[in-house]
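Take a look at the structure below.
The values are calculated or read from the model by the stated rules, or taken from the named source; none is laboratory data. Note that the structure is a prediction, hence the values are computed from the model and not measured. Note that we place each Cβ from the backbone using ideal geometry, even for glycine, and neighbour counts take in every protein chain shown. For the accessible areas, the whole protein counts, side chains as well, though only heavy atoms, and no ligand, DNA or RNA atoms are used. Shrake-Rupley method; radii C 1.70, N 1.55, O 1.52, S 1.80 Å.
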Protein chains: 2
Amino acid sequence: MPTTDATFEDMRDILKSAPGPDNDAHATAMARNAELTKPDGSLGRLEELVGWFAAWQGKDPLQLERPRVAIFVANHGVAAPGAASGGVSAFPQDVTTQMVANFQSGGAAINQLCTVADAELRVYEMGLDQPTADFTTDAAMSEGDCARAMAYGMMAVEDGVDVLCLGEMGIGNTTSAAALSCALFGGKPSDWVGPGTGVDAAGVARKAAAVTAAMELHGAACGDPLEALRRVGGLELAAIAGAVLAARMARAPVILDGFACCAAAAVLHRLDPSALDHCIVGHRSVEPGHALLLDAIGKTPVLDLGLRLGEASGAATALLVLRAAIACHMGMATFAEAGVSQS
Amino acid sequence: MPTTDATFEDMRDILKSAPGPDNDAHATAMARNAELTKPDGSLGRLEELVGWFAAWQGKDPLQLERPRVAIFVANHGVAAPGAASGGVSAFPQDVTTQMVANFQSGGAAINQLCTVADAELRVYEMGLDQPTADFTTDAAMSEGDCARAMAYGMMAVEDGVDVLCLGEMGIGNTTSAAALSCALFGGKPSDWVGPGTGVDAAGVARKAAAVTAAMELHGAACGDPLEALRRVGGLELAAIAGAVLAARMARAPVILDGFACCAAAAVLHRLDPSALDHCIVGHRSVEPGHALLLDAIGKTPVLDLGLRLGEASGAATALLVLRAAIACHMGMATFAEAGVSQS
């Protein structure tokens, strides 16, 4: 994996060499599924999750022993004190650092969700005192900084991690995610912005104005998805894109979280529409841009619980459903074993 | 609680004395929720679940230590060999007994889901060699049999059970659930029937014909919901209604499962529209009658995973989400504790 001298070309090369699904592992899992003591198809999405997991993990028997939740944390120039936008978040930027301390001491929502899901939590702090540039007036990052952030994200994929839940925390990042989504998929800036952590109508208008300014400044240069990422994205979003790519190479299935996380992953989808086939989306956020983004990347989320917290909370909750699916698949008796008549 | 000499009058009396929500416990939980380190409302349905749970459990701190999954199992005359319907299930009636053995040996889906959710499983077998009468030609049960089945269901609510997931298993019971729903809420028989375990179009037509015959025979007498239950319901459906009622008395919040389970609970809703306020519905089944029934009883399910298995599978999967909600509520730091700035 590239590290300090990473370039966008490296990332494109990795994506080109990404493995496809393991059709044999999928067929093996589906053959077992058909023998289990339930009406065929009656576990619905749980059965689909098993097939997806088998195809991308490629193991028989399936293994779900070491799930990891990785949260990338960064600050954004667009949300810095005195930024041209005049404020895009309901919270001050200091909250990014304060929340890292909360993650470390076990007090955040994601800590509790990881305990329930028996998942390991890793928090990747990305120079919180060095935010990206304000994308309404400059490119957020240089190519080098962006590619290095992607390479940093790749480190979340270590040997033995058998499913990776991705998330983020960063005051201002729903504005960055809106700009990135708009750059990747078009539409009006106002389609992609929303209340985020809870800004009022004036705040939403400031977010839309920031995205509009970003599109005027960078829009013409955003035909290349990686260029869009560096110009209007963020360090944590670049890291998530890198982690998704590394997980594909390592055959580690991925659970994506909400709007910001999916916007980051969508960069890869724009480079190659099959680049996210090893990913599911854990939940549908109430942040309005997320529904549009889900349509754009062709994903149906596992859960729809009205969440809008980020920090991988929806992905970790969906991990519970994946655990349920894999447990049924691994533990159920077959019709023959149980002496149950088939229809 | 009434037992061997139970009557419908006993059940009506119990329902009249049912406690309401504990508004103080609800307010205490919501006050804590507002202080936790997250944007207000950002955990969406998880926060709503906490409020609901607090209101009906009435404890501070909340307690989720001993969840129980209770499955009631019975056979139906309408699905018996040689019944007038000519066959309403994709599986022979022997499968009911075979599945009880599968539950007992740990091979069914619900066994695996209980392991993941750390829930106790109880399977209540209700005289599988004595099915109800075929409701297309007779009343399924006498009042005494039906009231005794309700009383039997009440036994699932024991001291210390702090949440109760309810489900059923019984070949033919989606036809009984369709007849019961039609008796309670009207509409056309064909609106309420569907493929169940997987019957073909001819099978669905036989189910609709069975419901039509039942409505012609019993419809006029079904103005009383308990009369509808005894005439076209089943023993396991009566037991579920009893368990829901007993849980209300014991302040044990309930997670309902799919179509058959909700049809049973709907009997109480027709007696008193507030009778199911201590219940949530775990999931939306793909059995088409379930969506209609959810509208009729005014419930939004927690999950929508395309399940149609029964045996409390959707309720047990939703228990995972409830565990996530309660864990966040109990374990998260407040803004003051974590030193995080509030908006």
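Put a dot 7 Å past each Cα toward the Cβ at A:Q104 and A:Q342; how far apart are the dots in nm?
Placing both labels 7 Å along Cα→Cβ, they lie 5.7 nm apart.
Between B:H283 and residues 5 or more places away or on another chain, which pairs have amide H atoms under 5 Å apart, with H built 1.01 Å from N, and which residues are they?
B:V302, B:L303
Between A:A228, A:A327, A:A179, which gets the highest mean-square fluctuation from a Gaussian network model of chain A, Cα cutoff 10 Å?
It is A:A327.
Can you list the distances in nanometres, one decimal and ascending, from the A:A336 label point to the identical position in each other copy, with the point 7 Å along Cα to Cβ?
For A:A336, the inter-copy label distances come out at 6.4 nm.
As a check on your reading of the symmetry: which chain A residue has its Cβ nearest the axis that brings A onto B, and how far is it in Å?
A:L320, 2
Using a 7 Å offset from Cα along the direction of the beta-carbon, what are the separations from A:Q130 to the same position in each other copy, nm, ascending?
Ordered by distance, the counterparts are at 7.9 nm.
Which residue fluctuates the most in chain A, going by a Gaussian network model with Cα springs under 10 Å, if the choices are A:G196, A:G51, A:G310?
A:G51
Would you please classify the overall shape of segment B:266-343 from the alpha carbon gyration tensor, given that a ≥ b ≥ c denote the square roots of the eigenvalues, rounded means a/c under 1.5, and beyond that prolate means a/b larger than b/c while oblate covers the rest?
Working: a/c = 2.96, a/b = 1.98, b/c = 1.50.
Prolate is the answer for segment B:266-343, as a/c is 1.5 or above and a/b outweighs b/c.
Non-local amide H neighbours of A:F72 (under 5 Å, H modeled in plane, Pro and chain starts lacking H): which ones?
A:Y124, A:G167, A:E168, A:M169
So what's the gap between the Cα centers of segment A:196-220 and segment B:8-38, to the nearest angstrom?
Measuring centre to centre over Cα atoms gives 42 Å.
Buried accessible area for the A:B pair, summed, 1.4 Å probe, in Å² rounded to 100? Provide the component values of the computation, followed by the final result.
Details: alone 13190 and 13180 Å², together 22540 Å².
When A and B are taken together, about 3800 Å² of accessible area is lost.
Provide a list, ordered by number, of residues in segment B:88-109 showing at least 50 Å² less accessible area with every protein chain present than when their chain is taken on its own, using a 1.4 Å probe.
The answer is B:F91, B:Q98.
I'd like the GluC sites (Glu not before Pro) in segment B:166-256 restricted to DSSP loop residues with at most 14 other Cβ atoms within 10 Å, sorted by number.
Values: sites: B:E168, B:E216, B:E227, B:E236; in loops: none.
In loop regions of segment B:166-256 (DSSP not H, G, I, E or B), there are no sparsely surrounded GluC sites (Glu not before Pro).
With the other protein chains left in place, how much accessible area per residue, in square angstrom, belongs to segment A:64-324 at a 1.4 angstrom probe?
29
Mind pulling the per residue volume of the convex hull built on the Cα atoms of segment A:1-128? Å³ is fine. Provide the component values of the computation, followed by the final result.
Details: hull volume 25.4 nm³, N = 128.
Cα convex hull per residue, to the nearest whole number: 198 Å³.
Using a 1.4 Å probe on the protein chains only, how many percent of the accessible area of segment A:217-343 belongs to carbon and sulfur? Write down the numbers at each step before the final one.
Numbers: 1510 of 3130 Å².
Of all accessible area on segment A:217-343, carbon and sulfur atoms account for 48 percent.
Could you tell me which helices of chain A pass both thresholds, a Cα extent of 24 Å or more along their own axis and a mean Kyte-Doolittle hydropathy of at least 0.5, with helices taken as whole DSSP H runs? Please list the in-between numbers first.
Details: long enough: A:201-218 (25 Å, 0.68); A:313-331 (27 Å, 1.33).
Helices meeting the span and hydropathy rule in chain A are A:201-218, A:313-331.
Could you tell me the distance between the Cα centroids of segment A:169-191 and segment B:287-343, to the nearest Å?
That distance is 29 Å.
Rounded to two decimals, what ratio of Rg to Rh does the protein assembly as shown give with C-alpha atoms and a Kirkwood Rh?
Numbers: Rg = 26.7 Å, Rh = 26.2 Å.
In the protein assembly as shown, Rg relative to Rh is 1.02.
Starting from a label point 7 Å past Cα on the Cβ side, list the distances from B:G298 to the same position in the other copies, nm, shortest first.
In nanometres, ordered from closest: 4.3.
Quick one: among B:S105, B:S190, B:S285, which has the greatest mean-square fluctuation in a GNM of chain B with alpha-carbon springs under 10 angstrom?
Of B:S105, B:S190, B:S285, the Gaussian network model singles out B:S105 as fluctuating most.
I'd like the FRET efficiency for B:M155 and B:D94, computed as 1/(1 + (r/R0)^6) with the beta carbon distance as r and R0 of 35 Å, rounded to 0.05.
Calculated transfer efficiency: 0.85.
Regarding segment A:64-324, what whole-number volume in Å³ per residue does the convex hull of its Cα atoms give? Walk me through the numbers before you get to the answer.
Values: hull volume 27.1 nm³, N = 261.
It comes to 104 Å³ per residue, whole-number rounded.
Let's test the formula: R0 of 22 Å, r as the Cβ-Cβ distance of A:K16 and A:E143. What FRET efficiency results, to the nearest 0.05? Mind showing how you got there, number by number?
Working: r = 18 Å, r/R0 = 0.84.
It comes to 0.75.
Whole angstrom only: what separates the Cα centroid of segment B:54-94 from the Cα centroid of segment A:50-109?
Each part reduced to its Cα centre gives a spacing of 40 Å.
Find the relative contact order for chain B and round it to a whole percent, using C-alpha pairs within less than 8 Å whose residues are 6+ positions apart. Please list the in-between numbers first.
Details: 699 pairs, mean separation 82.0, N = 343.
Contact order relative to length: 24 percent.
Counting only Cα, what are the radius of gyration and maximum Cα-Cα distance Dmax of segment A:46-120, in Å?
Here Rg and the maximum Cα pair distance are 18.6, 55 Å.
Just to verify a number: FRET efficiency for A:A31 and B:E120, C-beta to C-beta distance, R0 = 30 Å, to 0.05? Don't jump to the answer; show the numbers that get you there.
Values: r = 33 Å, r/R0 = 1.09.
After rounding, the FRET efficiency stands at 0.35.
Taking the Cα centre of segment A:64-324 as the origin and placing charges on Cβ (Lys, Arg +1; Asp, Glu -1), which of A:V69, A:S274, A:T96 is farthest toward the positive end of the dipole?
A:S274
Under the rule a/c < 1.5 gives rounded, and otherwise a/b versus b/c splits prolate from oblate, where does segment A:183-258 land using the Cα gyration tensor? Don't skip to the end; give the middle numbers.
Numbers: a/c = 2.83, a/b = 1.54, b/c = 1.83.
Judged from the Cα gyration tensor, segment A:183-258 comes out oblate (a/c at least 1.5, b/c at or above a/b).
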